[in-house]
Amino acid sequence: MISRRQEMIVTNLVNMFFSAFCAQIPIIHHPTWRMEGKPAILIRAMQACGALFVEGFSASDFVNQTLAVSHEELILEFVSPSDLIR
């Protein structure tokens with residue numbers, strides 16, 4: 001369960017994604033977007049893109065952490081098990 005503060009951060013970063021990132025690179029149609037049922041890695045990527053427009057040490061840390069975790073998740077998702085054994 002996430003705290004109210006964490007929920008606000010999630011919402012703010014997704015809003016920054018739509019207002020700042022998508023203003024430059026419109027890859028998701030905001031009026032029809034619904035967060036429910038979307039993969040967590042997609043939400044975190046959107047948050048990281050939104051955080052790029054937030055000044056501060058914690059925003060930078062969030063982006064770096066998201067990139068590190070997402071990198072590993074994507075490798076495990078798209079690489080076959082035989083490719084991992086070397």
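The values are calculated or read from the model by the stated rules, or taken from the named source; none is laboratory data. Please read these numbers as outputs of a predicted model, since none were measured by experiment. Quick reminder, even Gly has a Cβ in these numbers, built from the backbone with ideal geometry, and neighbours come from all protein chains shown.
Among the residues of the range 24-40, is any farther than 18 Å from residue 67 by Cα, among the hydroxyl-bearing types (Ser, Thr, Tyr) and modelled with pLDDT under 90? No, the conditions are met nowhere in the range 24-40. Number of residues in the range 1-21 that are exposed (fewer than 14 other Cβ atoms within 10 Å of the Cβ), of a type in the set (A, V, I, L, M, F, W, C) and in a helix (DSSP H, G or I) equals 1. Restricting attention to the range 62-73 and to residues that are loosely packed, with under 15 Cβ neighbours inside 10 Å and under 13 Å from the mean Cα position of the chain (by Cα), the residue that is farthest from residue 23 (Cα to Cα) turns out to be 73. Pairs are defined by a Cβ separation below 6 Å, a sequence spacing of at least 6 or placement on different chains, a first member in the range 1-21 that is more than 11 Å from residue 52 (Cα to Cα), and a second member that is at pLDDT 90 or above and not in a loop (DSSP other than H, G, I, E, B); the pairs so defined are 14/46; 18/30.
In this structure, does residue 19 turn out to be within 21 Å of residue 6 (Cα to Cα) and at pLDDT 90 or above? Considered against the rule, which asks whether it is within 21 Å of residue 6 (Cα to Cα) and at pLDDT 90 or above, residue 19 comes out as yes.
Restricted to the range 22-55, and to residues there that are among the β-branched types (Val, Ile, Thr) and without any contact (Cβ under 8 Å) to a residue 24 or more places away in the chain, the residue that is surrounded by the fewest Cβ atoms within 10 Å (Cβ to Cβ) is 32.
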